[in-house]
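Here is the structure we will look at, set down as structure tokens.
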């Protein structure tokens with residue numbers, strides 16, 4: 001069925017099937033691909049120069065966005081809504097959109113981009129149709145599938161009376177034999193320009209946007225390999241563009257003068273080689289300069305196999321992307337800026353985009369209390385449908401256990417941890433690690449804690465810094481020891497219901513149980529960071545397992561000794577005063 005769900009909750013159903021075409025998040029879209037960064041765009045204050053222009057009858061224009069479960073499509077929808085458009089979001093599996101913050105503000109239509117009848121129904125009363133689907137990674141016949149899907153989309157748009165098609169394609173050099181991936185992107189654009197429906201074809205090289213295949217490829221190559229032998233294409237010249245600026249052009253394309261039917265090169269302010277980008281990433285990430293030795297004998301086929309060995313990008317996606325890197329992809333014109341003026345402050349450059357990406361990682365807004373309302377709706381924010389291998393590497397040691405004591409008693413133990421109270425496990429191990437940290441110039445365990453009973457944000461706690469406190473719920477610590485990476489320790493009080501919902505405890509756990517959730521996180525810096533984590537993993541059962549058991553036991557013992565939580569706190573305070581007097 002084709003099921004349309006409107007913002008008021010009504011639904012219409014027509015026959016449908018689904019197969020074959022992916023959104024950009026399943027691979028990536030554009031010339032060479034999307035390089036990951038964190039570039040926020042305020043969806044609450046859209047520039048009037050790209051805001052929707054009402055129809056002649058006074059109604060708001062309607063746009064159809066395909067590929068909304070993908071990388072660009074999922075980020076474009078909130079920008080179009082903020083610009084004043086009525087958005088109809090098309091997907092083969094619209095149920096995957098249920099948790100998007102904009103799901104209730106759009107029409108959801110279940111349809112397949114390969115089915116002309118479904119497309120015509122989805123395009124009913126649509127002014128502008130965004131084509132953001134591709135077949136990259138679907139197999140060796142992706143060119144044929146791209147061609148068929150584009151022709152089906154174009155003919156359906158013409159039959160439905162759509163006023164404009166907007167397509168995000170790839171930037172390519174003229175007069176060269178193109179790679180299969182880039183050649184297919186060019187062919188799709190040509191199909192739309194010859195379709196009889198006025199089309200705007202935006203041609204981008206490398207799009208700097210969070211969690212994309214090219215970024216993960218570049219990030220992992222740069223971090224894992226201090227020295228590398230590379231293909232000669234690392235000397236290819238590339239004009240990258242930030243995802244924020246791509247989205248601005250996509251939104252602005254909807255209001256170009258009627259009848260506009262042409263392609264536009266889009267790019268950022270920098271022209272770099274792939275080698276420049278890897279060295280730039282290393283500098284901004286705090287890594288030593290990489291030794292990069294280009295070899296002319298390393299073919300794209302061999303390079304894609306090599307990339308597959310040291311990066312998490314699937315080979316079926318990496319191979320066509322590597323093939324596209326052999327070309328110089330630099331804008332030949334900038335006419336789009338006549339119709340869609342630059343944002344205030346100008347276009348974002350490569351270094352700033354990467355810096356923002358790494359800031360996002362280092363502030364690691366991950367899960368539970370690490371959520372950041374300030375980033376909601378930003379193009380840089382990871383989406384549920386981004387590939388599993390997208391985003392920065394983050395190692396996690398996650399443990400939960402039921403505590404047979406009230407939450408107040410568990411919280412009393414958690415906020416008293418560290419300093420003279422210790423870390424509840426393998427004291428010799430903690431002491432040894434502290435001494436090693438001091439030898440290498442870190443704080444070690446010598447800082448202790450400011451207040452023996454209470455923690456506040458910003459407090460030093462041995463080699464940790466208190467990053468967040470939610471009274472009665474959570475203590476989050478950020479490591480300041482000498483490490484080849486960044487580390488956090490979350491200590492939190494949960495209910496059994498919360499732990500079950502998160503999949504941390506079994507279904508037989510009582511909903512009202514008190515649960516101690518302990519989570520250590522580590523973001524490695526380069527190969528040394530990954531080797532460091534691998535080396536300490538065998539000790540986690542002793543250190544973190546022992547900590548969890550002993551914290552739970554301490555809370556239970558405190559409850560047995562003094563069931564009254566207020567009295568427990570008074571007793572603890574008196575014990576501290578006695579200890580201070582003795583000292």
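Under Stokes-Einstein, with the Kirkwood radius over Cα pairs as Rh, the value for the stretch 395-582 at 10 °C and 1.306 mPa s is 92 µm²/s.
Most exposed first by the Cβ proxy, i.e. fewest other Cβ within 10 Å, how do 530, 92 rank? Before the final figure, lay out the partial values.
On the way: 530 18, 92 23.
So the residues, fewest neighbours to most, are 530, 92.
Order of 193, 168 from fewest to most other C-beta atoms within 10 Å?
Numbers: 193 19, 168 30.
Listing 193, 168 from fewest to most nearby Cβ atoms yields 193, 168.
Taking 7 Å steps out from each Cα toward its Cβ at residue 224 and residue 47 produces label points 3.9 nm apart. The packing ranking, built from the mean of other Cβ atoms within 10 Å per residue, places the peptides 152-164, 397-409 in the order 152-164, 397-409, highest first. Sorted ascending by nearby beta carbons within 10 Å, beginning with the fewest, 339, 215 become 339, 215. Measuring between their Cα centroids, the stretch 256-324 and the stretch 484-552 lie 36 Å from each other.
If a/c stays under 1.5 just call it rounded; otherwise compare a/b with b/c (prolate if a/b is bigger, oblate if not). Do that for the stretch 163-255, with a ≥ b ≥ c from the square roots of the Cα gyration tensor eigenvalues. Present the calculation step by step, with values, prior to reporting the outcome.
Details: a/c = 3.18, a/b = 1.70, b/c = 1.87.
Oblate.
The listed peptides 179-185, 103-109, 466-472, ordered by packing as a protection proxy, come out as 179-185, 103-109, 466-472 (highest mean of other Cβ atoms within 10 Å first).
Bear in mind these aren't lab numbers, they're just calculated from the coordinates by the rules spelled out. Just so we're clear, the structure is a prediction, and the values are computed from it rather than from any experiment. Every residue, glycine as well, gets a Cβ built from its backbone with ideal geometry; the counts of neighbours run over all protein chains shown.
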